[in-house]
Every structure is written in C-alpha cells, then in structure tokens.
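Written out below as structure tokens is the structure these notes cover.
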Amino acid sequence: MPDSPSEAPAPRAPQRVVKKYPNRRLYDTSTSTYITLTEVKQLVMDGEDVAVRDAKTGEDLTRSILLQIILEEEAGGAPMFTEAVLANIIRFYGHAMQGFMGAYLEKNVQMFSDFQARMAEQSHGFTPEMWTQFMNPQSPLYQGMMGQYRDQSQAMFTQMQEQMQKQTEQMLGAFGIKR
C-alpha cells in the first residue's frame, strides 16, 4: 500500500514461465534455456513468481514442482519438518479443517517471512557482538518483535476460530438447528 497518494505501487514483475517436457527437462521461457530443479529453487529463493507448465498440455505443474523441491530439501541435510509435523499435516487432508489449516499455515508463514525481513532490516550493519545482544531473548527489541509476531499469530488463530463458528452455525441453521 502506498505511503502517500502520489506514490504508486511497485510494478509487479511478470510471471516466469518454465515449461516441463516429457523427458523431465525444464525450459525457462524467459532466458530460452534449459534449467535444473536447483535453478527453479533459486528463482523461488530470489522472489521470482514462477509458473511451471506441461509443455504439451499446458497443465499447471507448479505445485508438484514446488513439492518436489521441498521433498529434496527435506531429504537432504537438515529437514525443516519433524515426522510429527508431517503426520499432523497428513491428518488434516479430508478433514473439515483442511481449508482452515491451509489458510492458517499460509498466513503464518507469510507473517513469519515479514517478521524475518523486519529483523534483517533492523539488524543491517550489526557487528557480531551487536547481533548477539539483539538475539538475546531478554533484549527489549527482541521481546517486542517476538511479542508482535505472537500477537498477530494469536489474532489470526482467533479469526480462524470465529470463521469456523460462523460456518458451523450456518450449516446447523440449514438443518433447522439453532444454537
């Protein structure tokens, strides 16, 4: 959102289209070159808006390619998700809460990314000693930022609960059951 009326929003970069061929090769239409899955990962890491399409049918394969990248990352060195987290995510498939969980995770990950960007911005130019002080859980700056993240997460969870309650009441109302 612009800070002032004269300030226009930053133009959005065009979506980077990668075509996937039957031989499993990936073709970057922006650079007219074949690329690897590692290079697709780097595009994502660089903030590019990437879409992967089947070269023959045009079917959107973006989700499956992103999941493949996550799978390779999880199988490598230090996984991000524990087995318990993965099992719990699986348990939400087909559950009435599936839609809520997806939206909740998406918003929470975005919020955490924003939090991380603010931390990086505020710590730019820190010496190792300053960084150690900044990351000290007793530091007022750290506590303030973590408190703000916690409060936003809690508000998001409360909002999700309210949406669930409203939908439940609507569903029960459709059956003639009033609360």
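With all protein chains kept in place, the per residue accessible area of the chain amounts to 78 square angstrom at a probe of 1.4 angstrom. Each Lys and Arg Cβ is given +1 and each Asp and Glu Cβ -1; about its Cα centre, the chain then shows a dipole of about 700 debye. Dividing the summed helix terms, -39500 (n - 2.57) for each DSSP H run of n ≥ 4, by the number of residues in the chain produces a 222 nm estimate of -18500 deg cm²/dmol to the nearest 500. Within a straight-line Cα-Cα reach of under 20 Å, Lys56 can be paired with the following aspartates and glutamates, leaving aside sequence neighbours fewer than 8 residues apart in one chain: Asp28. Each distinct pair of alpha carbons in region 71-149 adds a 1/r term; the inverse of their mean, the Kirkwood radius, is 15.4 Å. Every pair of different Cα atoms in the chain enters the Kirkwood calculation, which places the hydrodynamic radius at 20.7 Å.
Ordered by 1.4 Å accessible area with all protein chains kept, Val17, Val109 run largest first as Val109, Val17. Rounded to the nearest 20 debye, the dipole size of region 73-179 about its Cα centre is 560 debye, using +1 on the Cβ of Lys and Arg and -1 on the Cβ of Asp and Glu.
For region 41-145, the residue among Gly76, Ser139, Met101 whose Cα projects farthest onto the positive side of the dipole built from Cβ charges is Met101.
Less than 5 angstrom separates the built amide H of Val50 from those of Arg16, all sequence-distant by 5 or more or on a different chain.
The values are calculated or read from the model by the stated rules, or taken from the named source; none is laboratory data. Note that this is a predicted model, so its numbers are computed, not measured. Virtual Cβ from ideal backbone geometry, glycine too; neighbours counted across all protein chains shown. SASA here: full protein model, heavy atoms, side chains in, ligands and nucleic acids out. Shrake-Rupley method; radii C 1.70, N 1.55, O 1.52, S 1.80 Å.
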